[in-house]
Amino acid sequence: MAWQTPSSRRHPPPPPYKMQSITVKPSFPTTSKNPKAKSPIPSATPLKFQYTPSKDGVDLNLLILFHGLGKPKSRMRATRVQATDAAPFSTGDTEKPFAQLGERLQLPQTATLAVRAPALIPYFDDGFEWFPSFDLSTGDNLPDAHPTRLSGLHATRALLTAFLTTHLIPHCGFDPSNIFLFGFAQGATVALDLALFGVVRNLGGVVGVAGYLLGAQATGERVPERRFEGPVLILQGEREFSGRAVPEKEFEQLKKFCDPSAKVAQVFVPGKGGEMPNSEREWRAVHTFFAAHLARRILQLEGMSDVYEVTVSGRVVVPQG
């Protein structure tokens, strides 16, 4: 019989606990003394964009913003457009208002990049689309599962992937895990598609407003070997689909392409249609998302020789003295 002291008889040994993975190394050994990333060069992509460095001078994160559909050229054409596509017309026709939005968000240590969709919409004054939306012979909406929509989305994905892999990451110096996407309506579809199916598998996260994957993606896309592990937030007005049944189904569809460990959430806004956020509750949800997931640098500590970087089971970095 094993020897037991009186104390061990009264207090049995605690059960084994699963230890967290902890990595300790000198703090930020490769960090440049200049915290500003390089600005993107317009000639690096056929896509038009507006880039704004972070106001605090630390371009650690990059927020890429994708607008919705554009404004109809005439009232006659506008009447032929269904509500699901008409909602973005008043707010998201080009990259310009989204460049302003990126500045107003004032996210710390975050540069913003508002991108214009690649194609001018037929019969529209100045609206742009990320993939085909209308039948050119009738002006009617293309069905959600129409193959032209999916092929157009794939073409847009290729343009954005090239921009990421040949310029934003290697030239500008943004870490993929610090690149976040914000999209509205059709732009939300593009943001989700790029994160869930793009070549870069470790983007930081996605915020989508009133937009989901295309219906054709449910059967036309292969589930990637490595599913998206980053966070996803969907904001959805209840009035857009006359209830929650349709958007809940769409939400479950996109969750199938996310890793089980991914933090995927949907926030319904009562009494709201398919518009951009315009209430304190909606913007609080957006800011809470970014506050939880944006990377941060503590510049005051980085120059100290006795400061070490401690990473505990994830990408959150906490400098310790």
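The values are calculated or read from the model by the stated rules, or taken from the named source; none is laboratory data. Small disclaimer: the values here were computed from a predicted structure and weren't measured. Note that we place each Cβ from the backbone using ideal geometry, even for glycine, and neighbour counts take in every protein chain shown. Accessible surface is based on the protein model in full, side chains and every heavy atom, while ligands, DNA and RNA are left aside. Shrake-Rupley method; radii C 1.70, N 1.55, O 1.52, S 1.80 Å.
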- Give me the pairs: first residue in the stretch 247-266 and farther than 22 Å from GLY215 by Cβ, second residue modelled with pLDDT of 95 or more and part of a loop (DSSP other than H, G, I, E, B), beta-carbon distance under 6 Å, and six or more apart or on different chains, which are they? ASP259/ARG227; ASP259/GLU229; SER261/GLU229; LYS263/PRO231
- Positions within the stretch 239-255 being in contact with a Lys or Arg (Cβ under 9 Å, 6 or more places away or on another chain) and either open to solvent by 40 Å² or more (accessible area, probe 1.4 Å) or closer than 18 Å to THR288 by Cβ (or both), in sequence order: ARG239
- Query: Filter the stretch 202-233 for residues that are farther than 30 Å from ARG284 by Cβ, surrounded by fewer than 19 Cβ atoms within 10 Å (Cβ to Cβ) and not small (Gly, Ala, Ser); which is modelled with the highest pLDDT?
  - Reply: ARG226
- Task: Quick one: in the stretch 282-302, of everything that is β-branched (Val, Ile, Thr) and touching a residue at least 12 places away in the same chain (Cβ under 8 Å), which residue is most open to solvent (accessible area, probe 1.4 Å)?
- Result: ILE298
- Item | Condition met for GLN236 (of a type outside the set (D, E, K, R) and surrounded by fewer than 19 Cβ atoms within 10 Å (Cβ to Cβ)) | no
- Message: Can you find, within the stretch 268-281, the residue that is modelled with the lowest pLDDT among those that are within 20 Å of VAL190 (Cβ to Cβ) and open to solvent by less than 40 Å² (accessible area, probe 1.4 Å)?
- Response: GLY274
- Query: Can you tell which of ALA162, ALA158 is open to solvent by 40 Å² or more (accessible area, probe 1.4 Å), over 18 Å from GLY204 (Cα atoms) and either at pLDDT 95 or above or in a helix (DSSP H, G or I) (or both)?
  - Reply: ALA158
- Task: Please enumerate the residues belonging to the stretch 207-254 that are of a type in the set (Gly, Ala, Ser) and assigned to a loop (DSSP other than H, G, I, E, B).
- Result: ALA210, GLY211, GLY215, ALA216, GLY230, SER242, GLY243
- Please identify the pairs in which a residue from the stretch 115-130 that is in contact (Cβ under 8 Å) with a residue 24 or more places away in the chain and closer than 17 Å to LEU142 by Cα has its Cβ atom under 9 Å from the Cβ atom of a residue that is aromatic (Phe, Trp, Tyr) and part of a loop (DSSP other than H, G, I, E, B), counting only partners at least 6 apart or on another chain. ALA119/TRP130; ALA119/PHE131
- Item | Filtered residues of the stretch 220-277 (kept if of a type in the set (Phe, Trp, Tyr) and farther than 26 Å from PHE98 by Cα) | PHE257
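Which residue out of PRO176, PRO170 is under 17 Å from PHE228 (Cα atoms), open to solvent by 10 Å² or more (accessible area, probe 1.4 Å) and at pLDDT 95 or above? It would help to see each step written out before you state the result.
Values: PRO170 fails: under 17 Å from PHE228 (Cα atoms).
The match here is PRO176.
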- Run down LEU136, LEU107 and say which single residue is within 26 Å of SER151 (Cβ to Cβ) and either hydrophobic (A, V, I, L, M, F, W, C) or assigned to a loop (DSSP other than H, G, I, E, B) (or both). LEU136
- Message: Just to be sure before I move on: is GLY127 in contact with a Lys or Arg (Cβ under 6 Å, 6 or more places away or on another chain) and surrounded by 16 or more Cβ atoms within 10 Å (Cβ to Cβ) in the structure I sent?
- Response: yes
